[in-house]
1. Heavy atoms of the protein only, probe of 1.4 Å, neighbouring chains included. What is the accessible area of Met114 in Å², nearest 10?
2. Net charge near Gln338: determine it from the other residues with C-beta under 13 Å of the C-beta of Gln338, scoring Lys and Arg +1 and Asp and Glu -1.
3. Take Asp157, Asp423, Asp354 and sort them by solvent-accessible surface of the protein heavy atoms, 1.4 Å probe, largest at the top.
4. Using the Cα centre as the reference, give the magnitude of the dipole from point charges on the C-beta atoms of the stretch 398-462 (Lys, Arg: +1; Asp, Glu: -1; all else neutral), rounded to the nearest 20 debye.
5. Would you kindly state how much longer the chain becomes between Leu332 and Lys275 on full extension, computed as 0.36 nm times their sequence separation minus their alpha carbon distance, in nm to one decimal?
6. For Thr68, tell me the accessible area in Å² from a 1.4 Å probe, rounded to the nearest 10.
7. Taking a threshold of 24 Å on the Cα-Cα distance, which of the pairs Lys336/Lys425; Lys181/Lys336; Lys336/Lys356; Lys74/Lys181 fall above it?
8. For Leu176, Leu238, what's the largest-to-smallest order of accessible area, 1.4 Å probe?
Amino acid sequence: MWRHRVLVSSRVRLYSRVAPQVVRVTAKNVAKLGSPKEGPKPRQLLSLPPFPGFPLPGKKSLNACHVTAISWVKYYFDEIQDSVIQSHFNKSLVQIECPSSSDSVEKEGLGKPMRKITPSDVMEVGARIHIPVSVAETAIAKRFDTIPSGTLYPNADEIEYLQRLVKYKDSALLVLNKPPKVPVKGNMPIHNSMDALAAAALSYGYDEGPKLVHRLDRESSGLLLMGRTKESIAHLQLLFSYINKARSKCQAWNDACEATYQRYWALVIGSPKDKEGLISARLSKVLLDDGKTERVVLAQHSSLEPSREAVTEYRVLGPTINGCSWIELCPLTSRKHQLRVHCAEALGTPIVGDYKYGWFVHRRWKQMPRVDIEPSSGKPYKLRWPEGVDIQKGSVLAKVPLLHLHCRELVLPNIAKFLDVLDGKSENVHPALSTRPDLLRFVASMPSHMKISWNLMSSFLV
């Protein structure tokens, strides 16, 4: 015990020999003890479209004059869990553009001033919300969705897989979330096309399976609409091909036709000069030198080949990361390869994985590593390497990325409600169907390779 006291006392005497340092802090002179801690790093912001100001399609209960901010965000991200959106509001991560912002601030490169918004704030017409892109981060499946085998008679597992793709079904139509690399329309050497598989597995008690109303490219993914009866197929095909011919004497149907739209999300190489705009460029088909391959190109004014009008609205969703940027595309016409050609030739930003119309840009993009600067801080981005995820599943960092084009949102008339009126069987909508909404809205989640790219590019500055 005595030794222990000696050791303790010696230690006290040892430390007592060091004179204490007194640091005085005045108003003019502030002492800095070490480097200050870094604050929260800036997040990449996703820009939502301006609030339309009319009753939202598919949400009859929402009044456009009393739509709150969280209701508008939940409506746009219909495939995202409400708890994820609520957490972004709780952390004060959701911002809105100040309406009094001047154009001089934008020209100086500072961007539009923004303020934080609460969930209960009422949206105004034209208001634009910005939210971190992490809101759309989703879990990645360890395996790719299996593609049905090439047979016209799928087995029980393949039928179950196809039925999981169905997002909506009623007496007139059927909506699927088409996976990539599955052809839509088959021919003799192709048996695993969506129309053949749907006819074999998605009849749901009808004598015939559903038929295609519009098409998606083989490599693209997203919402695919199919009609279940001859009458609904005819009206829907007119709606997607010739909207003027789809009109009738029913004003409610005409209004629903005017509100019809499709919205795609795409990852493009580079970034358009303007953040949003309208592309109006006619398209024509040319035959390559081999005499077999057909290619869609922008029509030349001096060309004698026939061309068709093609119009696309576009909007940039966020900043440029790793030489790429996410954009939203809304085609106003239905032309073959319209979005791919408009992105590659009209905007000069081909879609990632589109080697048919952006082969040379892909080669230059792979050979030119670039550093992207975060606009608010001026710091370079670094991609966060995800753990346990195989980036070679066709993502943006894969050696051969898959096509990053996805039909995410679809709004169309509720044709089951108006079918009797359109066919002349009745002058008014049946009372049992009058309570149904005039418009149907669907939102489909991205495929695995696009989810990986989204999560990679939505990482924080690290």
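The values are calculated or read from the model by the stated rules, or taken from the named source; none is laboratory data. In this text, all values refer to a predicted model and were calculated from it rather than measured experimentally. Every residue, glycine as well, gets a Cβ built from its backbone with ideal geometry; the counts of neighbours run over all protein chains shown. For accessibility, only protein heavy atoms count, side chains too; no ligands or nucleic acids. Shrake-Rupley method; radii C 1.70, N 1.55, O 1.52, S 1.80 Å.
1. That residue has around 70 Å² of solvent-accessible surface.
2. Numbers: positive: Arg215, Arg282, Lys285, Arg308, Arg335, Lys336, Arg340; negative: Asp217, Glu309, Glu313, Glu345, Asp354.
Neighbour charge sum, excluding Gln338 itself: +2.
3. Details: Asp157 115, Asp423 55, Asp354 0 Å².
Greatest to least solvent exposure: Asp157, Asp423, Asp354.
4. Values: 7 positive and 5 negative charges, 82 e Å.
So the magnitude is around 400 debye.
5. Details: separation 57, 0.36 × 57 = 20.52 nm, distance 1.84 nm.
Full extension from Leu332 to Lys275 adds 18.7 nm.
6. For Thr68, the solvent-accessible surface is approximately 40 Å².
7. Working: Lys336/Lys425 35 Å; Lys181/Lys336 17 Å; Lys336/Lys356 13 Å; Lys74/Lys181 30 Å.
With Cα atoms farther than 24 Å apart: Lys336/Lys425; Lys74/Lys181.
8. Details: Leu176 0, Leu238 60 Å².
Ranking Leu176, Leu238 by accessible area, largest first, yields Leu238, Leu176.
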